[in-house]
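Peer 1: Here it is, the structure in full.
The values are calculated or read from the model by the stated rules, or taken from the named source; none is laboratory data. Remember, predicted model here, so these are calculated numbers, not experimental data. Cβ atoms come from the backbone with ideal geometry, glycine included; neighbour counts cover every protein chain shown. Note: areas computed on protein heavy atoms with side chains; ligands, DNA, RNA excluded. Shrake-Rupley method; radii C 1.70, N 1.55, O 1.52, S 1.80 Å.
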Amino acid sequence: MISLRNVSKNFGDFQALQEVSLDVALGERVVVCGPSGSGKSTLIRCINRLEAHDSGEIVIDGITLSDKPAKLDRIRCTVGMVFQQFNLFPHLSVMENLCLGPRRVLGLSAQDARARAMKHLERVRIPDQADKLPRQLSGGQQQRVAIARSLCMEPRILLFDEPTSALDPEMISEVLDVMTELADTGMTMIVVTHEMGFARRVADRMVFMDNGEIVEVGAPKDVFTAPKSERFGTFLKKIL
Ligand code: ADP
Ligand code: MG
(Lines give C-alpha, C1' and ligand atoms only; values in the text may rest on other atoms or scores of the structure.)
(Ligands and ions follow the chains in the order given, each with its own letter.)
Protein backbone atom coordinates (compact mmCIF):
# COMPACT_ATOMS: atom_id res chain seq x y z
CA MET A 1 0.00 0.00 0.00
CA ILE A 2 2.86 2.35 0.90
CA SER A 3 6.41 1.93 -0.29
CA LEU A 4 9.30 4.27 0.47
CA ARG A 5 12.70 3.59 -1.09
CA ASN A 6 15.73 5.58 0.08
CA VAL A 7 13.68 8.70 0.62
CA SER A 8 15.62 11.82 1.59
CA LYS A 9 14.38 15.30 2.40
CA ASN A 10 16.42 18.40 3.13
CA PHE A 11 15.45 21.75 4.54
CA GLY A 12 18.35 23.89 3.30
CA ASP A 13 21.50 22.19 4.60
CA PHE A 14 19.57 20.19 7.16
CA GLN A 15 18.78 16.58 6.33
CA ALA A 16 15.35 15.87 7.85
CA LEU A 17 15.05 12.42 6.23
CA GLN A 18 18.07 10.31 5.33
CA GLU A 19 17.55 7.39 2.95
CA VAL A 20 14.38 6.19 4.62
CA SER A 21 12.89 2.91 3.37
CA LEU A 22 9.62 1.48 4.64
CA ASP A 23 6.83 -0.75 3.29
CA VAL A 24 3.35 -0.77 4.77
CA ALA A 25 0.91 -3.48 3.69
CA LEU A 26 -2.84 -3.10 3.16
CA GLY A 27 -4.58 -3.06 6.54
CA GLU A 28 -1.35 -2.74 8.48
CA ARG A 29 -1.07 -0.45 11.52
CA VAL A 30 2.32 1.17 12.01
CA VAL A 31 3.22 3.35 14.98
CA VAL A 32 6.11 5.78 14.51
CA CYS A 33 7.94 7.17 17.52
CA GLY A 34 11.19 8.97 18.21
CA PRO A 35 12.59 12.14 19.77
CA SER A 36 11.35 15.59 18.82
CA GLY A 37 12.97 16.69 15.55
CA SER A 38 13.73 13.13 14.41
CA GLY A 39 11.70 13.50 11.19
CA LYS A 40 8.41 11.79 12.09
CA SER A 41 6.18 14.59 10.80
CA THR A 42 8.34 15.07 7.73
CA LEU A 43 8.02 11.35 6.96
CA ILE A 44 4.24 11.30 7.01
CA ARG A 45 3.95 14.72 5.36
CA CYS A 46 5.97 13.31 2.45
CA ILE A 47 3.57 10.36 2.21
CA ASN A 48 0.61 12.62 1.41
CA ARG A 49 2.85 15.15 -0.31
CA LEU A 50 2.36 18.05 2.03
CA GLU A 51 6.13 18.02 1.58
CA ALA A 52 7.93 17.00 -1.61
CA HIS A 53 10.82 14.60 -1.05
CA ASP A 54 14.18 15.40 -2.68
CA SER A 55 15.31 11.92 -3.68
CA GLY A 56 14.23 8.31 -3.52
CA GLU A 57 10.84 6.94 -4.47
CA ILE A 58 7.44 6.95 -2.78
CA VAL A 59 4.65 4.77 -4.20
CA ILE A 60 1.18 4.95 -2.62
CA ASP A 61 -1.42 2.41 -3.73
CA GLY A 62 0.32 2.14 -7.08
CA ILE A 63 0.77 5.90 -7.57
CA THR A 64 4.37 7.15 -7.76
CA LEU A 65 4.51 10.56 -6.09
CA SER A 66 5.66 13.32 -8.38
CA ASP A 67 4.77 16.92 -9.15
CA LYS A 68 2.00 16.07 -11.61
CA PRO A 69 -1.15 17.83 -10.31
CA ALA A 70 -3.45 14.97 -11.35
CA LYS A 71 -1.47 12.61 -9.15
CA LEU A 72 -1.64 15.03 -6.25
CA ASP A 73 -5.44 14.96 -6.37
CA ARG A 74 -5.44 11.16 -6.36
CA ILE A 75 -3.02 11.05 -3.44
CA ARG A 76 -5.09 13.46 -1.38
CA CYS A 77 -8.17 11.30 -1.98
CA THR A 78 -6.29 8.11 -1.09
CA VAL A 79 -4.44 9.37 1.98
CA GLY A 80 -6.23 11.13 4.84
CA MET A 81 -4.39 13.03 7.55
CA VAL A 82 -5.21 13.94 11.13
CA PHE A 83 -3.08 16.64 12.74
CA GLN A 84 -2.09 17.43 16.31
CA GLN A 85 -3.92 20.78 16.19
CA PHE A 86 -7.09 19.35 14.52
CA ASN A 87 -6.94 21.96 11.69
CA LEU A 88 -10.73 22.35 11.48
CA PHE A 89 -12.08 25.43 9.71
CA PRO A 90 -13.02 27.63 12.69
CA HIS A 91 -15.77 29.61 10.91
CA LEU A 92 -17.58 26.50 9.64
CA SER A 93 -19.89 24.24 11.63
CA VAL A 94 -18.93 20.64 12.25
CA MET A 95 -21.30 19.54 9.48
CA GLU A 96 -19.87 22.14 7.07
CA ASN A 97 -16.32 21.01 7.90
CA LEU A 98 -17.30 17.44 7.04
CA CYS A 99 -19.18 18.26 3.83
CA LEU A 100 -16.60 20.58 2.28
CA GLY A 101 -14.22 17.97 0.86
CA PRO A 102 -16.88 15.52 -0.36
CA ARG A 103 -18.79 18.38 -2.08
CA ARG A 104 -15.83 20.25 -3.61
CA VAL A 105 -13.39 17.43 -4.33
CA LEU A 106 -15.58 14.35 -4.78
CA GLY A 107 -18.56 16.20 -6.28
CA LEU A 108 -21.18 14.72 -3.94
CA SER A 109 -24.62 16.34 -3.75
CA ALA A 110 -25.41 18.32 -0.59
CA GLN A 111 -27.75 15.56 0.53
CA ASP A 112 -25.25 12.76 -0.04
CA ALA A 113 -22.46 14.70 1.66
CA ARG A 114 -24.66 15.31 4.72
CA ALA A 115 -25.67 11.67 4.91
CA ARG A 116 -22.06 10.59 4.69
CA ALA A 117 -21.03 13.17 7.32
CA MET A 118 -23.72 11.96 9.70
CA LYS A 119 -22.61 8.36 9.27
CA HIS A 120 -19.07 9.25 10.28
CA LEU A 121 -20.14 11.56 13.13
CA GLU A 122 -22.05 8.59 14.52
CA ARG A 123 -18.97 6.47 14.12
CA VAL A 124 -16.95 8.89 16.28
CA ARG A 125 -19.95 9.16 18.62
CA ILE A 126 -20.78 12.88 18.32
CA PRO A 127 -23.77 13.07 15.93
CA ASP A 128 -25.39 15.56 18.33
CA GLN A 129 -22.59 18.14 17.72
CA ALA A 130 -23.18 18.57 13.98
CA ASP A 131 -24.38 22.17 14.10
CA LYS A 132 -21.80 23.54 16.52
CA LEU A 133 -18.67 25.49 15.68
CA PRO A 134 -15.34 23.81 16.47
CA ARG A 135 -14.60 26.21 19.34
CA GLN A 136 -17.81 25.11 21.09
CA LEU A 137 -16.42 21.58 21.39
CA SER A 138 -13.82 20.07 23.72
CA GLY A 139 -10.41 19.19 22.31
CA GLY A 140 -11.29 15.50 22.27
CA GLN A 141 -14.50 16.20 20.39
CA GLN A 142 -12.68 18.45 17.90
CA GLN A 143 -10.15 15.73 17.20
CA ARG A 144 -12.96 13.22 16.66
CA VAL A 145 -14.53 15.68 14.19
CA ALA A 146 -11.17 15.87 12.43
CA ILE A 147 -11.08 12.06 12.20
CA ALA A 148 -14.66 12.01 10.88
CA ARG A 149 -13.74 14.67 8.35
CA SER A 150 -10.90 12.50 7.04
CA LEU A 151 -13.21 9.48 6.88
CA CYS A 152 -15.73 11.45 4.79
CA MET A 153 -13.21 11.38 1.93
CA GLU A 154 -13.19 7.56 2.21
CA PRO A 155 -9.39 7.32 2.19
CA ARG A 156 -7.60 4.00 1.89
CA ILE A 157 -4.84 5.16 4.24
CA LEU A 158 -5.00 7.39 7.33
CA LEU A 159 -1.99 9.21 8.73
CA PHE A 160 -2.05 10.60 12.26
CA ASP A 161 0.53 13.13 13.48
CA GLU A 162 0.54 13.09 17.29
CA PRO A 163 -3.27 13.21 17.39
CA THR A 164 -3.51 13.30 21.20
CA SER A 165 -0.54 15.55 22.02
CA ALA A 166 -2.63 18.72 22.21
CA LEU A 167 -5.34 17.16 24.38
CA ASP A 168 -5.97 17.35 28.10
CA PRO A 169 -5.21 13.95 29.66
CA GLU A 170 -8.84 13.02 30.29
CA MET A 171 -9.63 13.39 26.57
CA ILE A 172 -6.87 11.22 25.22
CA SER A 173 -8.65 7.90 25.63
CA GLU A 174 -11.82 8.96 23.78
CA VAL A 175 -9.67 9.74 20.73
CA LEU A 176 -7.53 6.60 21.07
CA ASP A 177 -10.70 4.50 21.40
CA VAL A 178 -12.01 5.85 18.09
CA MET A 179 -8.63 5.18 16.47
CA THR A 180 -8.61 1.63 17.86
CA GLU A 181 -12.08 0.99 16.41
CA LEU A 182 -10.86 2.32 13.09
CA ALA A 183 -7.88 -0.03 13.21
CA ASP A 184 -10.30 -2.91 13.87
CA THR A 185 -12.10 -2.11 10.61
CA GLY A 186 -8.89 -2.88 8.69
CA MET A 187 -7.89 0.69 7.82
CA THR A 188 -4.24 1.07 6.82
CA MET A 189 -2.81 3.47 9.39
CA ILE A 190 0.47 5.19 10.21
CA VAL A 191 0.28 6.83 13.61
CA VAL A 192 2.96 9.09 15.04
CA THR A 193 2.40 8.87 18.77
CA HIS A 194 4.10 8.37 22.08
CA GLU A 195 1.03 6.65 23.53
CA MET A 196 2.76 3.33 24.08
CA GLY A 197 -0.35 1.61 25.48
CA PHE A 198 -2.07 2.30 22.17
CA ALA A 199 1.01 1.09 20.28
CA ARG A 200 1.06 -2.14 22.26
CA ARG A 201 -2.64 -2.79 21.62
CA VAL A 202 -2.95 -1.71 18.03
CA ALA A 203 0.39 -1.61 16.18
CA ASP A 204 1.46 -4.45 13.94
CA ARG A 205 4.87 -2.80 13.77
CA MET A 206 6.72 -0.03 15.55
CA VAL A 207 9.12 2.28 13.77
CA PHE A 208 11.70 4.18 15.78
CA MET A 209 13.25 7.26 14.18
CA ASP A 210 16.23 9.33 15.24
CA ASN A 211 18.11 12.04 13.31
CA GLY A 212 16.03 11.57 10.18
CA GLU A 213 16.68 7.84 9.99
CA ILE A 214 14.64 4.75 10.71
CA VAL A 215 16.79 3.17 13.40
CA GLU A 216 14.63 0.16 14.22
CA VAL A 217 11.45 -1.58 13.08
CA GLY A 218 9.86 -4.38 15.05
CA ALA A 219 6.71 -5.94 16.49
CA PRO A 220 5.58 -4.17 19.70
CA LYS A 221 6.00 -7.30 21.81
CA ASP A 222 9.62 -7.56 20.68
CA VAL A 223 10.65 -3.92 20.91
CA PHE A 224 9.04 -3.38 24.31
CA THR A 225 10.79 -6.38 25.84
CA ALA A 226 14.13 -6.08 24.07
CA PRO A 227 14.80 -3.28 21.59
CA LYS A 228 17.75 -4.12 19.36
CA SER A 229 19.30 -0.68 19.26
CA GLU A 230 20.60 1.18 22.27
CA ARG A 231 19.05 4.44 21.07
CA PHE A 232 15.55 2.93 21.02
CA GLY A 233 16.11 1.36 24.44
CA THR A 234 17.18 4.69 25.91
CA PHE A 235 14.20 6.44 24.30
CA LEU A 236 11.70 3.87 25.62
CA LYS A 237 13.12 4.15 29.14
CA LYS A 238 12.49 7.90 29.03
CA ILE A 239 8.86 7.71 27.91
CA LEU A 240 7.55 4.51 29.56
P1 ADP B 1 9.37 15.45 14.44
O2 ADP B 1 8.00 15.39 13.88
O3 ADP B 1 9.99 14.10 14.63
O4 ADP B 1 9.46 16.25 15.71
P5 ADP B 1 9.95 16.99 12.08
O6 ADP B 1 9.76 16.04 10.96
O7 ADP B 1 8.87 17.97 12.34
O8 ADP B 1 10.32 16.17 13.41
O9 ADP B 1 11.25 17.83 11.85
C10 ADP B 1 12.51 17.23 11.60
C11 ADP B 1 13.53 18.32 11.49
O12 ADP B 1 13.30 19.07 10.32
C13 ADP B 1 13.51 19.30 12.65
O14 ADP B 1 14.82 19.61 13.01
C15 ADP B 1 12.80 20.49 12.10
O16 ADP B 1 13.26 21.67 12.71
C17 ADP B 1 13.16 20.44 10.64
N18 ADP B 1 12.08 20.99 9.82
C19 ADP B 1 10.84 20.48 9.69
N20 ADP B 1 10.09 21.21 8.84
C21 ADP B 1 10.89 22.22 8.43
C22 ADP B 1 10.70 23.31 7.53
N23 ADP B 1 9.55 23.51 6.87
N24 ADP B 1 11.75 24.15 7.35
C25 ADP B 1 12.93 23.95 7.97
N26 ADP B 1 13.16 22.94 8.82
C27 ADP B 1 12.17 22.08 9.05
MG1 MG C 1 6.23 16.15 14.56
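Peer 1: Rank by packing, highest mean first: peptides 176-187, 104-115, with packing defined as the count of other Cβ atoms within 10 Å averaged across residues.
Peer 2: On the way: 176-187: 16.6, 104-115: 13.2.
Packing order, densest peptide first, comes out as 176-187, 104-115.
Peer 1: For Lys221, which lysines qualify as cross-link partners when the Cα separation must be under 17 Å and same-chain residues fewer than eight apart are set aside?
Peer 2: Lys237
Peer 1: Per DSSP H run of n ≥ 4, the term is -39500 (n - 2.57); total these for the chain, divide by its residue number, and report the mean residue ellipticity at 222 nm rounded to 500 deg cm²/dmol.
Peer 2: Working: 9 runs with 96 residues, N = 240.
Only helices count here, giving -12000 deg cm²/dmol.
Peer 1: Now for a separate question. If the reach is capped at under 14 angstrom between alpha carbons, list the aspartates and glutamates near Lys40, excluding any in the same chain fewer than eight residues apart.
Peer 2: Glu19, Glu51, Asp161, Glu162, Asp210, Glu213, Glu216
Peer 1: Follow-up. Over the chain, average the accessible area per residue using a 1.4 Å probe and give it in Å², no decimals. Kindly include the intermediate steps, with their values, before the conclusion.
Peer 2: Values: 11040 Å² over 240 residues.
I get 46 Å² per residue for this part.
Peer 1: With every protein chain kept in the model, how would you rank Ile172, Ile147 by accessible area, 1.4 Å probe, largest at the top?
Peer 2: Numbers: Ile172 30, Ile147 0 Å².
The ordering from most to least exposed comes out as Ile172, Ile147.
Peer 1: At a Cα cut-off below 27 Å, give the lysines reachable from Lys132, other chains included and same-chain residues fewer than 8 away excluded.
Peer 2: Counting by Cα, and skipping residues close in sequence, Lys132 has these lysines nearby: Lys119.
Peer 1: Moving on. Can you compute 3J(HN,Hα) from phi for each residue in segment 229-240, using the Karplus curve 6.51 cos²θ - 1.76 cosθ + 1.60 with θ = phi - 60°, rounded to whole Hz and x for Gly and Pro?
Peer 2: Along segment 229-240, the couplings run 9, 5, 4, 5, x, 5, 4, 4, 4, 5, 9, 7 Hz.
Peer 1: So, one more: Ranked highest first by the average count of other Cβ atoms within 10 Å around their residues, in what order do 63-70, 94-101 fall?
Peer 2: 94-101, 63-70
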